[in-house]
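Enquirer: Quick one: the structure is below, questions incoming.
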Amino acid sequence: MSPRLKSLASLIVDQSDRGTLPYVALEHLAGGTGALELGIELPSRVGGEPGSSAVEPGDVLFGKLRPYLSKTLLITEPAYASTELMALRPYSNVDSRYLAYLVGSRAVIEWATASSDGTKMPRTNWEKLGEFRVAGLPPTEMQRTIADYLDTETARIDALITKKKRMIEVLDERVDAMVMSWVGRSELAGGSDVEAVPLRRALKKLERWAVDSGEMITAFRNGEVMTRAARGRDGFTDVWTDDARFQVVEMGDVVVHGLDGFSGAIGDSQSDGVCSPIYHVCRPTDGGDPAFYGRMLRLLATAGYLGGFATSTRERAVDFRNWDLFGRIPIPRVPVDEQVRIGDLVRLARPLKVKVRASEVLAMERRQALITAAVTGELEIPGVAA
């Protein structure tokens with residue numbers, strides 16, 4: 001009979017104080033990769049605090065909240081782990097790397113998801129997860145061979161994903177450098193080569209209203225204005241006025257969230273739709289480029305240039321709902337031909353980003369399929385007997 005997962009590992013709940021160690025929480029793990037989020041630096045924590053347990057090299061972490069996200073991690077140094085992560089310690093006949101791949105396989109993730117409790121925030125536990133039946137447990141040496149193979153193959157896939165992401169990052173960095181060079185030469189940053197003008201001279205606020213929301217609701221994703229299908233208020237998480245009117249958004253409008261000056265909620269719309277009254281919907285004047293203004297305003301917000309022109313109304317939020325206030329923000333006066341040159345690069349990056357995201361999804365699916373086939377014996381691996 002196929003062994004249960006609980007016969008391969010035990011759940012560790014060790015709240016002893018081992019001094020100051022790195023702390024791993026659910027949000028630190030990247031879904032589907034068995035690794036930390038790219039660029040994350042783990043915080044430190046003192047042991048013995050509620051909500052964490054001490055883990056050791058060789059332990060395997062498994063995210064029990066929303067397990068379909070497939071958040072797992074093989075511990076390589078002493079640390080503390082959030083109790084939102086199950087800490088599994090393999091028995092002596094189980095290789096830790098093999099266990100990490102096993103719990104990240106599609107079969108285990110699907111079992112954990114199906115056996116979870118709750119709808120909005122489904123959660124599994126060791127009692128249920130441990131009942132999963134493993135297709136078969138190879139001898140320890142064979143487990144190591146399988147893990148070695150997967151280490152090599154998944155590293156290739158991960159390197160390909162990283163390379164494609166870096167391609168987009170390089171293009172974004174180039175665009176940002178071009179924009180910020182104008183900021184640096186302007187009066188806004190203490191320069192004298194470029195005039196700074198009030199934003200209201202570059203962007204005209206539009207007043208287009210609709211009562212019926214229709215299907216398209218304007219939303220922000222990764223600093224760009226997108227649309228999503230929805231009806232009525234369910235499409236919004238914003239503050240609403242009593243009349244609940246909608247602002248009409250057309251392709252090429254610059255849209256700014258009035259309460260999130262530092263969140264990157266600024267961009268140019270790439271399709272028609274509607275949005276909440278809390279947004280400013282604008283159009284560049286004198287032939288200005290909307291993609292350029294969307295990028296420049298987000299960079300100014302990120303760099304802190306907007307903070308002195310508004311007052312905080314909630315934590316980490318800036319109130320720009322008052323157009324008179326927002327319109328006084330100084331911005332560099334950039335020639336239209338330069339705006340178009342930068343805007344063209346922004347537009348060039350968009351289909352590339354779509355392709356990179358699609359290829360990333362395919363690569364992650366291949367990664368998952370490879371792991372699942374290897375740990376279930378469906379894949380012929382060199383050095384492993386069939």
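Enquirer: Between the range 26-41 and the range 79-121, how many Å separate their Cα centres?
Expert: That distance is 15 Å.
Enquirer: Here's something else I'd like to know. Roughly speaking, to the nearest percent, how much of the range 16-103's 1.4 Å accessible area is carbon and sulfur?
Expert: With neighbouring chains kept in place, the figure for the range 16-103 is 51 percent.
Enquirer: Now, a different point. Counting only residues 5 or more places away or on other chains, whose amide H sits under 5 Å from the amide H of residue 66 once H atoms are built in the peptide plane?
Expert: Residues meeting the criterion, in which the H sits 1.01 Å from N, are 123, 124.
Enquirer: Hey, another quick one. Kindly rank 74-81, 43-50 from highest to lowest mean number of other beta carbons found within 10 Å of each residue.
Expert: Top to bottom by mean Cβ count within 10 Å: 74-81, 43-50.
Enquirer: Which three semi-axes in whole Å describe the equivalent ellipsoid of the range 125-214, each the square root of 5 times a Cα gyration tensor eigenvalue, listed largest first?
Expert: 56, 26, 12
Enquirer: Can you sort 328, 350 by 1.4 Å-probe accessible area, starting with the largest?
Expert: Putting 328, 350 in descending order of accessible area: 328, 350.
Enquirer: Rounded, prolate or oblate, given the Cα gyration tensor of the range 26-144, with a/c below 1.5 counting as rounded?
Expert: Oblate, because a/c is 1.5 or more while a/b does not exceed b/c.
Enquirer: Whole-Hz Karplus ³J(HN,Hα) for the range 155-167, in order, using 6.51 cos²θ - 1.76 cosθ + 1.60 and θ = phi - 60°, x for Gly and Pro?
Expert: 3J(HN,Hα) across the range 155-167, in whole Hz: 4, 5, 5, 4, 5, 5, 4, 4, 5, 5, 5, 5, 4.
Enquirer: Heavy atoms of the protein only, probe of 1.4 Å, neighbouring chains included. What is the accessible area of residue 281 in Å², nearest 10?
Expert: The accessible area comes out at roughly 0 Å².
Enquirer: If a/c stays under 1.5 just call it rounded; otherwise compare a/b with b/c (prolate if a/b is bigger, oblate if not). Do that for the range 51-116, with a ≥ b ≥ c from the square roots of the Cα gyration tensor eigenvalues.
Expert: Taking the square roots of the gyration eigenvalues as a ≥ b ≥ c, the range 51-116 is oblate.
Enquirer: Hey, another quick one. Would you list, by chain and number, the lysines whose Cα falls below 24 Å from the Cα of residue 163, excluding same-chain residues fewer than 8 positions away?
Expert: Reachable lysines: 71, 353, 355.
Enquirer: Then there's this: Would you kindly find the accessible area of residue 344, with a 1.4 Å probe and non-protein molecules such as ligands, DNA and RNA excluded, rounding to the nearest 10 Å²?
Expert: Roll a 1.4 Å probe over it and residue 344 shows about 80 Å².
Enquirer: Right, next: Give the shape of the range 5-74 as rounded, prolate or oblate, defined through the alpha-carbon gyration tensor: a ≥ b ≥ c are the square roots of its eigenvalues, a/c under 1.5 means rounded, and otherwise the shape is prolate if a/b is larger than b/c and oblate if not.
Expert: Here the range 5-74 falls in the oblate category.
Enquirer: In the full protein assembly as shown, how much of residue 164 is accessible to a 1.4 Å probe, in Å² to the nearest 10?
Expert: My reading of the accessible area for residue 164 is about 70 Å².
Enquirer: Once you put a point 7 Å from the Cα of residue 4 and another 7 Å from the Cα of residue 37, both along the Cβ direction, what distance in nm separates them?
Expert: My value for the distance between the label points is 3.5 nm.
The values are calculated or read from the model by the stated rules, or taken from the named source; none is laboratory data. Just so we're clear, the structure is a prediction, and the values are computed from it rather than from any experiment. FYI the Cβ positions are ideal-geometry reconstructions off the backbone, even for glycines, and counts take in every protein chain you see. Just so you know, the surface numbers come from the protein's heavy atoms only, side chains and all, with ligands and any DNA or RNA stripped out. Shrake-Rupley method; radii C 1.70, N 1.55, O 1.52, S 1.80 Å.
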